[in-house]
Amino acid sequence: MKVTLKNIGVFKQAEYELGDLTIICGENNTGKTYATYSLYGFYDYWKKGYIIKISESYISNLMETGSLIISLDNININDEIKNACVKYSKILPKILAAQEKYFDNSSFVISLDDNDVSILDNYEEKWGTTKNEIIQITKESGKNEITVSLLMNSIDANNESVRRNLSNVIGKALKKIIFSNTFSDIFIASAERTGAVIFRNELNIEKNILLKEAAGSDEIDFNEILRKVYNSAYALPVKDNINFIRILEDIGKSTSEITKLHPEILSDFADIIGGEYKVGKEGLYFIPKSNKSVKLTMGESSSSVRSLLDISFYLKYAAEKGDMLIIDEPELNLHPSNQRKLAKLIARLVNMGIKVFITTHSDYIIKELNTLIMFNKKKDEDNSMHLMNKFGYKETELINHEQVKVYISCKEKVQLDGKLKKTTVQTLIPAEIDDFYGIEAQSFDKTIDEMNTIQKSIIFGRK
């Protein structure tokens, strides 16, 4: 899957391809957040806002005969993606909580390869009210079509609202059948997560919107609610992060697929934060490993504890294979030794089937990932096995360089649309990734080399 950004934030034109692990590096204010938040926003819009449009003739046929067969060959995958991108590009200012004047001629485009789309083999779902089931949609294994069946006879065929709702239900089912393996569930830990944790009890964005909309009204317009949610004063990823933190008590009632399959991931994560989180009637608190009789509120806990809270709860209660996990600056408030541990945990998550997308300023994270790539290349050699045991590396942490995509945000000459001459603009440049040496992150190397040169000049008295 390839993402192309045009006139979004500082980017005149930029593109990146998603890997199992995608990394964007760069200096401050070079667009990393725009690239990240716009991707998250599209996934959210695809899930909540976009519906495949169903022909009126299909609905009429369903009303007349009570059943309908739709061939999946009639759904043009590329056209649906293109249409979704066009509609999404128009709401980018709302997604990013920015002024519209800064997004003139902006476009967000996703391009899919054939292997990006994997249609569900079978599917069955019913919709209706609390009293009656109205419609059933099924897809049998091996068939490239869906069957739609009305389960009620007393439906007003001329009621526009009924017809629109039926169309929406069928469109959502088709989207799920065709694209659920392409656009997975997505979770983000935004860079604002540390502050949000402290004020979790005061932040109630979505709930307040829903209550205000429902008050004094017999009917709720969910499209209108969705519009108001997107009109939040917060960028959508930040708002969603806040809401996740707000409902931790409810989230804690479930157990994630990843936790069930790999329970050891939680103890390893506890080693990074130096304790564990607890949430219950007493609220949210942290218990340090060094003193389990102590219960610290988030205000009393360290910034590193606060910065990792939502990732911990996501892993424990929500993470599933196929998800995409976005972490904006995973190194926030972490000591270099814990940055290295987190890099190894990220690699393990990738190997468990979670796609991970990070932005980072951390040379420690990049270098640790390089170590995992290098060990993966030589894992069958005796010396490498000895070194892995000596320094505490596990085979489950190793990662193949082909799974990783790294991009550097910088100024570079590129050929803009319709122009022959190259123009210097802010863009994303793919970093070289070697199966032996790992990632070549020049944005870090330049700074480190300069520091080394200065120190050598001081030591040896050079001018």
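Remarks
- Identity of the residue in region 61-90, more than 28 Å from ASN7 (Cα to Cα) and free of Cβ contacts under 8 Å to residues at least 24 places away in the same chain, that ends up farthest from the chain's Cα centre (by Cα): THR65
- Residue among ILE358, ILE326 that alone is at negative phi, touching a Pro at 6+ places or on another chain (Cβ under 6 Å) and in contact (Cβ under 8 Å) with a residue 12 or more places away in the chain: ILE358
- If you go through region 339-363 and keep only what is part of a helix (DSSP H, G or I) and at pLDDT below 95, you end up with just ASP363.
- Leading residue by the ranking (farthest from MET63 (Cα to Cα)) among those in region 149-180 that are outside any helix (DSSP H, G or I) and among the small types (Gly, Ala, Ser): SER180
- For beta carbons closer than 8 Å, sequence separation of 6+ or different chains, a first residue in region 396-414 that is in contact (Cβ under 8 Å) with a residue 60 or more places away in the chain and at negative phi and a second that is among the aromatic types (Phe, Trp, Tyr) and surrounded by 22 or more Cβ atoms within 10 Å (Cβ to Cβ), the qualifying pairs are LYS405/TYR16; TYR407/TYR16.
- Boolean, LEU334 is more than 21 Å from ASP240 (Cα to Cα), in a loop (DSSP other than H, G, I, E, B) and either aliphatic (A, V, I, L, M) or modelled with pLDDT of 90 or more (or both): yes
- Test result for THR359, over 16 Å from GLY19 (Cα atoms) and surrounded by 17 or more Cβ atoms within 10 Å (Cβ to Cβ): no
- Set side by side, the residues PHE444, PHE375 differ, and just one is touching a Ser or Thr at 6+ places or on another chain (Cβ under 7 Å), surrounded by 15 or more Cβ atoms within 10 Å (Cβ to Cβ) and not in a strand (DSSP E or B), which is PHE375.
- Test for VAL148: is it touching a helix residue (DSSP H, G or I) at 6+ places or on another chain (Cβ under 7 Å), within 20 Å of SER71 (Cα to Cα) and among the β-branched types (Val, Ile, Thr): yes
- TRP46 passes every criterion in (1) closer than 30 Å to ILE366 by Cβ; (2) surrounded by 18 or more Cβ atoms within 10 Å (Cβ to Cβ) apart from (1).
- Matching residues in region 415-433 - criterion: being assigned to a strand (DSSP E or B), loosely packed, with under 15 Cβ neighbours inside 10 Å and touching a residue at least 40 places away in the same chain (Cβ under 8 Å): THR423, PRO430
- Candidate set from region 181-198 (those that are assigned to a helix (DSSP H, G or I) and crowded, with 19+ Cβ neighbours inside 10 Å); member that is modelled with the highest pLDDT: ARG193
- Only one of the numbered conditions (1) buried (at least 21 other Cβ atoms within 10 Å of the Cβ); (2) touching a Gly at 6+ places or on another chain (Cβ under 6 Å) is not met by LEU334, and that is (2).
- Subset of region 101-149 that is among the small types (Gly, Ala, Ser) and modelled with pLDDT of 90 or more - its residue that is surrounded by the most Cβ atoms within 10 Å (Cβ to Cβ): SER106
- Among the residues of region 150-176, those identified as free of Cβ contacts under 8 Å to residues at least 60 places away in the same chain, loosely packed, with under 14 Cβ neighbours inside 10 Å and of a type in the set (Gly, Ala, Ser) are SER154, SER161.
- Restricting attention to region 315-330, the residues that are surrounded by fewer than 21 Cβ atoms within 10 Å (Cβ to Cβ) and over 12 Å from the mean Cα position of the chain (by Cα) total 4.
The values are calculated or read from the model by the stated rules, or taken from the named source; none is laboratory data. Since the model is a prediction, treat every value here as computed from it, not as a measurement. Quick reminder, even Gly has a Cβ in these numbers, built from the backbone with ideal geometry, and neighbours come from all protein chains shown.
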